[in-house]
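Okay, structure first, notes after.
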Amino acid sequence: MSRVENTAENRAESSPTADTARHLMFDDLEKLGRILVQTGDMAHSFIQSADDMDVTCRDFSAFDPSRALPRQGRGTLDALRAVQDDILPLLAASIGPRYLGFVTGGTTPAALVGDWLASAIDQNATGPEGSVNAAVEEQVINWLCEIANLPANRFDGVLTTGATVSNLLGLVAGRQWCGEKVGVDIDADGAGALPDLQLFAASPHASMIKDMSIAGIGRNNFTKIVTLPGSEQTDIDDLKAKLDASDARGKIVIASAGTVNATDFDDLNAIADLCATYGAWLHVDAAFGMFAALDDRRAHLLAGLERADSITSDGHKWLNVPYDCGIFLTRHIGVLEKCCRAFAPYLETRADGNMYINRGVENSRRFRALPLWVSMQAYGRDGFAGIVRANCDQAADLAAWVKSHDKLELMRDPKLNVTMFTGVGSDDDNRALLDRINASGKLFLTPTIYGGRFGFRAAFSNWRTRDHDLVIIKQAIDFVL
Ligand SMILES: Cc1ncc(COP(=O)(O)O)c(C=O)c1O
């Protein structure tokens with residue numbers, strides 16, 4: 001395609017409205033101070049109101065997704081008014097203290113500031129070329145290892161878009177490692193070069209199943225390990241029997257440190273022993289469970305984590321940094337880099353430091369280390385330990401209340417931050433009850449099936465949840481029972 005010269009003649013032919021529109025951006029640049037103050041005020045009032053607003057919005061009919069793109073804009077202040085009128089009233093207060101769905105972290109003030117700055121300075125965090133961003137990511141990874149009691153000289157990693165991608169990296173790196181042990185280079189020759197790769201998992205998270213599909217392994221193509229009675233924990237005897245019976249040349253064991261329902265932790269030392277015996281790669285999904293390390297009453301649940309070959313975790317869950325921020329740690333960074341490297345002369349650098357472009361799925365990357373760095377700097381290890389301890393206490397408090405309630409039933413004692421419970425009626429009754437609870441607008445819970453029964457999950461992962469929120473939560477549930 002030939003390049004259009006930026007001559008006076010060509011400029012005269014270009015659309016005058018397009019030129020005017022570009023001038024809007026320069027106008028906005030001049031007004032940026034005022035725009036940022038107004039944005040800050042708007043964000044501040046949303047954040048403050050998240051305590052009292054309905055926790056989720058159930059009717060978005062006022063928003064018309066088919067509305068045509070405006071031909072001419074009117075600048076940022078006008079767009080901000082549209083956000084205020086058209087979007088803010090229809091949002092979930094998921095940053096608020098009673099959004100207990102999924103495993104949803106809030107945003108600490110420092111993380112918010114870090115995130116805003118990440119957008120303002122908009123580094124493409126590919127590597128060390130011309131910017132300190134790679135060194136900041138390296139420091140954050142070291143701090144995360146410190147939090148999880150992992151030796152930073154053995155573990156290295158990368159920040160990802162979330163635990164789903166971290167799990168994918170675990171599969172891809174594990175598969176490559178398995179191949180290399182038997183002289184097969186999957187990176188070069190594809191998954192078909194090791195057709196007898198075998199995966200073993202007892203309670204893989206839904207994201208892991210999706211990753212098996214994305215990685216070309218196949219979502220049904222894993223060996224299901226039995227769970228211990230009434231739990232989501234790996235039955236070690238069954239894992240041993242199935243590893244023993246396997247003659248696959250490549251084996252990956254997927255373990256859990258904090259399952260999404262029962263918050264169960266596998267016996268990682270026992271699994272690591274088996275992996276050593278049978279030459280398997282051990283991947284541990286610790287999306288939120290890794291932060292049990294910050295609670296001295298629960299840190300023992302992670303014994304053996306340091307023996308994992310790869311670990312998945314998340315910043316946007318319990319560390320309360322904004323989306324998106326996943327964490328991937330591994331003892332085999334070279335293997336990961338082999339699978340993820342991107343070669344092109346224009347990407348080469350002589351700068352010293354980690355090339356994060358070679359450690360994950362994305363080439364262009366948000367500077368997602370910055371929100372973590374600012375929040376870690378602002379609150380330190382103790383700040384995060386405070387969140388984890390408080391949320392675990394809240395889950396236990398709710399569980400005790402449920403146990404004492406004659407119309408509710410606790411499905412499992414929470415090991416960590418998720419209380420799973422249900423009503424005493426049928427599954428259909430309980431589906432209707434969950435709808436009523438969520439329609440109250442006072443709290444938000446997500447459904448689950450556990451032990452073949454329909455139930456609710458209350459996942460406490462927000463720094464803002466306080467004792468008086470538990471009072472509101474209990475009252476709201478009582479009111480609709
Ligand atoms: C144990 C576990 N693994 C993986 C994930 C997927 O995380 P993400 O949504 O950050 O990709 C979750 C999400 O809840 C999870 O709980």
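Every read-out reported here was derived from the displayed coordinates using simple, explicitly stated rules and does not represent laboratory data. Only a predicted model underlies this, so the values are computations on that prediction, with no experimental measurement involved. Note: ideal-geometry Cβ built from the backbone for every residue, glycine included; neighbour counts use all protein chains shown.
Observations, loosely collected:
- Long pairs among LYS251/LYS317; LYS210/LYS317; LYS224/LYS251; LYS181/LYS242; LYS407/LYS442; LYS240/LYS317, criterion Cα-Cα beyond 23 Å: LYS251/LYS317; LYS240/LYS317
- Its relative contact order, with pairs defined as Cα atoms under 8 Å and 6+ residues apart, puts the chain at 21 percent.
- Under Karplus coefficients 6.51, -1.76 and 1.60, residue-wise ³J(HN,Hα) of the stretch 426-440 in Hz, glycine/proline x: 6, 4, 5, 4, 6, 4, 5, 5, 4, 4, 5, 4, 5, 5, 5
- Net dipole in debye of the chain [+1 Lys, Arg Cβ; -1 Asp, Glu Cβ; about Cα centre; nearest 20]: 200 debye
- Highest mean first, the peptides 53-65, 217-229 sorted by other C-beta atoms within 10 Å per residue fall in the order 217-229, 53-65.
- Positive-end ranking of ASN142, TRP373, MET53 along the dipole of the chain, with charges on Cβ about the Cα centre, is headed by MET53.
- Sorted peptide list for 71-84, 192-205, criterion being average Cβ within 10 angstrom, highest first: 192-205, 71-84
- Peptide ranges 345-353, 361-369 listed from the most packed, as the mean C-beta count within 10 angstrom indicates: 361-369, 345-353
- Residue-by-residue Karplus 3J(HN,Hα) for the stretch 94-100, coefficients 6.51, -1.76, 1.60, Hz, glycine and proline x: 6, 7, x, x, 10, 8, 10
- Interchain or long-range residues, amide H under 5 Å from GLY326's placed H: THR160, THR161, GLY162, GLY315
- Derived value for the stretch 112-375: Kirkwood hydrodynamic radius 18.6 Å. Basis is the mean of 1/r over every pair of different alpha-carbon atoms.
- Computed label-point distance, nm, for sites VAL480 and VAL37 using a 7 Å Cα→Cβ extension: 4.2 nm
- Amide H contacts of TRP281 (H built 1.01 Å from N, under 5 Å, at least 5 apart or other chain): LYS251, ILE252, VAL253
- Beta bridges by DSSP in the stretch 226-321, antiparallel share as percent, to the nearest 5: 20 percent
- 20 Å reach of a label modelled at ASN220, 7 Å along Cα-to-Cβ, counting backbone N of the stretch 181-214: 192, 195-214
- Restricting the calculation to alpha carbons of the stretch 82-222 gives Rg and Dmax of 19.8, 61 angstrom.
- Of the two radii for the stretch 21-93, the radius of gyration is 1.04 times the Kirkwood radius, both from the alpha carbons; that is the Rg over Rh value.
- A cut-off of 5 Å between modelled amide H atoms, ignoring neighbours fewer than 5 places along the same chain, links PHE102 with THR446.
- Size descriptors for the chain, from the alpha-carbon set: Rg then Dmax equal 24.8, 82 Å.
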